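Input: a single structure, listed below in structure tokens.
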């Protein structure tokens, strides 16, 4: 039986430049998705949806906070559609 020894690891500067831990495992920079957003015509909704543009400039771990905030705002807008206006006082002048 003949055991073969592995080749020694190259310790040249080129090999060290490719070594893990030199930023190779860092997340990629934020890149815009290029999604076109159309206005809805409802100012309250459009304001919340405009916040989605912020995520194009944030790293991925910052997206969740914006998405949750937009979701809360849109839910509030939707809930406000179900709210009944306060009754108007009656004019008792007769």
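Each reported figure results from applying straightforward, stated rules to the coordinates on display, with no laboratory input. Predicted, not measured: the structure shown is a model, and the values here were computed from it. We place every Cβ from the backbone using ideal geometry, glycine too, and count neighbours over all the protein chains shown.
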### Message
When the expected Rg is taken as 2.2 N^0.38 Å, what fraction or multiple of it is the alpha-carbon Rg of the stretch 35-82?
### Response
1.19
### Summary
Output ordering of 45-52, 74-81, 33-40, 62-69 (per-residue mean of other Cβ within 10 Å, highest first) is 45-52, 62-69, 74-81, 33-40
### Summary
Pseudo-spin-label distance residue 50 to residue 67, built 7 Å along Cα→Cβ, given in nm, is 2.3
### Message
Give me the extension gain from residue 29 to residue 76: residue separation times 0.36 nm, minus the current Cα-Cα distance, reported in nm with one decimal.
### Response
13.6 nm
